[in-house]
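Down below is the structure, laid out as structure tokens.
Readers should treat all values here as calculations from the given coordinates under stated rules, not as data from a laboratory. Just so it is clear, the model here is predicted, and its values are computed rather than measured. All Cβ positions, glycine included, derive from the backbone under ideal geometry; neighbour counts span all protein chains shown.
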């Protein structure tokens, strides 16, 4: 069974951890490794200073919460090892919205792409470095039933 999820991961007390672009790059690399390990499809993402949005599809026994918790733990360990960071990184609660149809998916993609523009970090989504629209990584296409209304 597969499921597509729009996930929001807030930082602890909305601390602006990802103002440091090197931290954002490390999170992206960690996410890409987990993508391979868990064999999930990553369709879109944005790393804002105080939260992260992911649009991903899980298969079989793999659930989105496990992927996110593993991402949080591995990133925290790498951040400590590489940069000596100590302290809380993540709020315990994440938001996980299961995407059920193409219109819902289009709204999620728009939210991801427009988030840095609304936040005043750029004028176009492709200008924001810590996001899929400007990513050097090749991401996965959406499942066919969710692509129908895509015109973002």
Quiz item: Stretch residue 117-residue 3 to full length: gain in nm at 0.36 nm per residue minus the Cα-Cα span?
Solution: 38.2 nm
Practice problem: Relative to the longest principal axis of the C-alpha atoms of the chain, give the angle of the C-alpha long axis of helix 64-83, reported between 0 and 90° and rounded to the nearest 10°. | Solution: 30 degrees
Quiz item: Could you work out the helix-only [θ] at 222 nm for the chain, with each DSSP H run of four or more residues adding -39,500 (n - 2.57) and the total divided by the number of residues, to the nearest 500 deg cm²/dmol?
Solution: -12500 deg cm²/dmol
Quiz item: Which FRET efficiency value, to the nearest 0.05, do you get for residue 103 and residue 144 by plugging their Cβ-Cβ distance into 1/(1 + (r/R0)^6) with R0 = 22 Å?
Solution: 0.90
Quiz item: Highest GNM mean-square fluctuation, the chain, Cα pairs closer than 10 Å: which of 76, 64, 93?
Solution: 93
Quiz item: Per residue, how much space in cubic angstrom lies within the convex hull of the C-alpha atoms of the range 35-88?
Solution: 94 Å³
Quiz item: Quick one: if you stick a label point 7 Å off each Cα along the C-beta vector at residue 37 and residue 15, how many nm between them?
Solution: 2.2 nm
Quiz item: Going by a ≥ b ≥ c, the root eigenvalues of the Cα gyration tensor, does the range 1-43 fall in the rounded group (a/c under 1.5), the prolate group (a/b larger than b/c) or the oblate group?
Solution: oblate
Exercise. Please find, in a Gaussian network model of the chain (springs between Cα atoms separated by less than 10 Å), the residue of 141, 49, 92 whose mean-square fluctuation is greatest.
Key: 92
Self-check item: Most mobile of 30, 73, 58 in a GNM of the chain (Cα contacts under 10 Å)
Solution: 73
